[in-house]
Amino acid sequence: MKLTMNHNAPIDPIRLAIPSKGHLYDGLIEILKSAGYKIRRASDRQYEATIAGHGRFHVVFMRPTDIVEQVQEGRCHLGVTGYDVYAEHSGAATSTSVVIQDLGYGGCRLVVAVPESWIDVTHVMDLAELTQRFKAEGKVFRISTKYGHLTRDFFRKRGIHDYRIVASDGALELHPSLGIADIIVDLTSSGITLKDNRLRELAGGRIIDSAACLIGHTESLKSLIAEGPTSPLALMLDSIDSVRLADGRILIEITGLFQPKLSSKSTQIEKIFGLLSGHGASCLNWSNVNCKGDADGWQVKGLIGTRGLNSCRRALLDSGAISIVGVEPRLCLEHDDHSTFESLKSILT
Amino acid sequence: MNTLHPMVERPVAKVKGTISRNETILQSFDLIASRMIARIRQAGYRTIQTPDLDLVELHERKSGAAITTRILELADAFSQGPVCMRPELTVGVVRSLIESDGLNAGPARVMVRGSVYRLSEEPRNGLQQIEQIGVELLGDPSVEADAEVIAMADEALRTAGITRRTIRLGDVGLILEAVTSAGLPEETRRAVIETLADTAAAGQGIEHVENALEHWADWLGDQSRSKVSVASSKENHNQDLQRLFHQLVPHVVGRRTESEILSRLQQKWELSESLPESLKKASKLVHEIGGLAGVPSDIFNRLEASPAGSLIQKSLSRLKQLVQILNRRYGITEDRIRIDLSIARGIGFYSGLVFGIHDGNEAEPLKTPELSGGGRYDGLASVLGLKNGSDSGVGFAVGLDRVMSALHHVDSDETETRLIIISPEDNSDEAEAAASDLYTKLLKYSVGIRFATQADQMDTPTPGLIFISADGSLRGNTQDIDFIKSLETPIDNN
């Protein structure tokens, strides 16, 4: 049963459902904490919590599958779950919207995996023929998974129909060797567990990419959006955006000395800026500083990804940099950055 | 303030997609169904009943993808394997006839009425409960049998009150012939045919067949890059291959044996040489014939003039014969028939003829709903275990809801049954005996009858409520009393 919203009254409390434990929980707590939303939970066994300084939020702890259902039905207005869980359990339901599809952690992919020994099976279309062979021999081709809907959709789109789903929740990797199933459809991130169990990911068999995601009850979201850019939803989304933008980036402080004999100061700074921008840096600015007792020093500050910095570090040193210091920022917000709140507003209103 | 509704017990909803009907609709529904059933029975088809629940395996054996992907599977409650709500009627009918040896003594004509249950195309949207009448002619492979079944479907719809009907004829045999003539090996051909079809999903057309062929092209592309292919070559002797296999795969995991894997690997290598060309040919042919739709004579002329026609002669010749028989025997003129070779529905299930009957005139039949559809499914009985007798079959199903939607109103030809409610005037044994006597007498007539309950007597006057006293006298509405007296009047045999 879906609950209807009263559009005239503000939603209070705003109920946020989050996983009660595991990596989805840990990652979210980290993000919310960085964003300034510290969850106050009396104990691990308590299934309700508040957020310090954000009194309208009421946090409830649930299983990821329950979160999808409760958000669908409007009992919870926001929820954090795995995108795989959402995709499997919500389907075409329009009562739920994905607010942030990838929160930046919990990344994995849902894949079709076959026994390593099946060297004749290299592509997912091999299964079209193989399932036919099984059928002709009077055998039923079996696929173990807990993602029945996504699996059926995937195979149906490829015209593969002759198989049976063996619904199972855990230790799927064992199923082929025990003869419970012939192949599995399961989540993997590094592929190590598959390999350790003598399974191999099939080419063309990636069903979806998944990560922790933020979902919302569509009608509730509309109501919260209507409260404007200073609403609790807008502030929370802006804060999460800031944390996500900071994630993986380093705040750098590069110090060097001008070399008047080589070129003008502006040319030297332009060269440093060029090097950094070419490797993805942003928010660049510079100032004159005293460097090693020399008043003719410069300092450049900006944001750059770790990989970008590593790539241009030597060139920076060759261009007059004396020291490079990097620290991880907690938050980062630029004027032209993507705003989840504004995107959501344009989609839903 | 919490804007959610207060926490109260929520109503229990019906299962998404299941049907409940009120009395008025149900009466019309039953009337239409009974008219069609009576007409079909007159033509010699006998009515049987088959279970609503089947073993999933029954439908997996042969049903096309349009069905198997939409089975509502239930738990294995009886240790016989998973069970499901029946997704269609034909397979259950054939199974039932095999069980009762009904296919051993020549053709069998049967009919069944009931609901079928399928997951919606988008499974999370729930179920589709579809009330159908299914008609099957088993054990007769002739084109005359095809014509009989089409004419029967047409006549059933006419009886139901559908005045304008257009018959759309297709033949999945044409596609099967086209794929076969492209020179694909048997097992791959079967796989290609099965996958030709997103296809098999009901109502989908030839463009999906072409899409499916493209997926196969992807497969080959990957195969040519396969590390294993590079590591060896098709010239390897079996021994070399086995040695290589043992190096690559120290442990064979799963239900497939080493020899199965190696044998398929070799076949795949051989296939990688010929398949691209074969698929190209098949795709071209499918594209060519799939674009043909129109009145029979026009389509036949165009096919005869095209190179594709020579590759699908068998199916084409049968289709021509069918149109002739429909015209000569059943008076179904060409202007009511459309040949549409883009129908790829049920390609995994049907073996040749596929047809649908649409509500509407011949100008634009495809824009109106298909009220009845069917086709030929030779081989089904063998797949289900028939040992002796012909395994050919052809049949159709009529969707009762669609027929009802197409009819603007249903003329009732039945009068309402009068209801008499008997209530003894007092609690005496005599009054009870008189009431019982009246009840027994009225039972002999076509009249609804029951005893009054306390609620009947407390309410405002109930129509048909008759009080009977200890001496047998009646009190109540004059019309009701007159009606009862007229029933009790002895029939004058003279």
Next on the checklist: If I ask for residues that are touching a helix residue (DSSP H, G or I) at 6+ places or on another chain (Cβ under 6 Å), over 16 Å from A:Gly280 (Cβ atoms) and outside any loop (DSSP other than H, G, I, E, B), which ones from the stretch A:293-348 would you list?
Outcome noted: A:Thr340, A:Phe341, A:Lys345, A:Leu348
Checklist entry - Taking B:Ala75, is it within 30 Å of B:Arg318 (Cα to Cα) and either out of contact with any strand residue (DSSP E or B) (no Cβ under 6 Å at 6 or more places or on another chain) or modelled with pLDDT of 95 or more (or both)? => result no
Checklist entry - Looking only at the stretch A:49-71, which residues are surrounded by fewer than 22 Cβ atoms within 10 Å (Cβ to Cβ) and within 14 Å of chain B (Cβ to nearest Cβ)? => result A:Gly55, A:Arg56, A:His58, A:Val60, A:Thr65, A:Glu69, A:Gln70
Checklist entry - List the pairs whose first member sits in the stretch B:242-262 and is at the interface with another protein chain (Cβ under 7 Å from one of its Cβ atoms), whose second member is at pLDDT below 80, and whose Cβ atoms are under 8 Å apart, counting only residues at least 6 apart or on separate chains? => result B:Leu248/B:Val228; B:Leu248/B:Ala231; B:Ile261/B:Phe245
Checklist entry - Take the residues of the stretch B:84-131 that are part of a strand (DSSP E or B) and basic (Lys, Arg): which is nearest to the other protein chains (Cβ to nearest Cβ)? => result B:Arg118
Checklist outcome for this item: Considering the stretch B:350-379, residues that are surrounded by fewer than 24 Cβ atoms within 10 Å (Cβ to Cβ) and farther than 28 Å from B:His408 by Cα, and then whichever is modelled with the highest pLDDT, we arrive at B:Asp378
Checklist outcome for this item: Taking the stretch B:392-411 and keeping residues surrounded by fewer than 23 Cβ atoms within 10 Å (Cβ to Cβ) and closer than 18 Å to B:Gly134 by Cα leaves B:Ala397, B:Gly399, B:Leu400, B:Asp401, B:Arg402, B:Met404
Checklist outcome for this item: Residues in the stretch B:6-59 that are exposed (fewer than 10 other Cβ atoms within 10 Å of the Cβ) and not in a loop (DSSP other than H, G, I, E, B) total 2
Checklist entry - Scanning for something within 12 Å of B:Leu174 (Cβ to Cβ), β-branched (Val, Ile, Thr), more than 11 Å from every other protein chain (Cβ to nearest Cβ) and not in a loop (DSSP other than H, G, I, E, B), does the stretch B:267-287 turn up at least one residue? => result yes
Checklist entry - Are there any pairs, at least 6 apart or on different chains, whose C-beta atoms fall under 6 Å, with the first in the stretch A:146-161 and within 11 Å of chain B (Cβ to nearest Cβ) and the second acidic (Asp, Glu) and crowded, with 21+ Cβ neighbours inside 10 Å, and if so, which? => result A:His149/A:Glu88; A:Leu150/A:Glu88; A:Gly159/B:Asp198
Next on the checklist: Given the criteria more than 12 Å from chain B (Cβ to nearest Cβ) and either hydrophobic (A, V, I, L, M, F, W, C) or over 24 Å from the mean Cα position of the chain (by Cα) (or both), does A:Ala211 qualify?
Outcome noted: yes
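The values are calculated or read from the model by the stated rules, or taken from the named source; none is laboratory data. As the structure is a computational prediction, the values presented were derived from the model and not from experiment. Because the Cβ atoms are built from the backbone with ideal geometry, glycine has one as well, and the counts that use them run over all protein chains shown.
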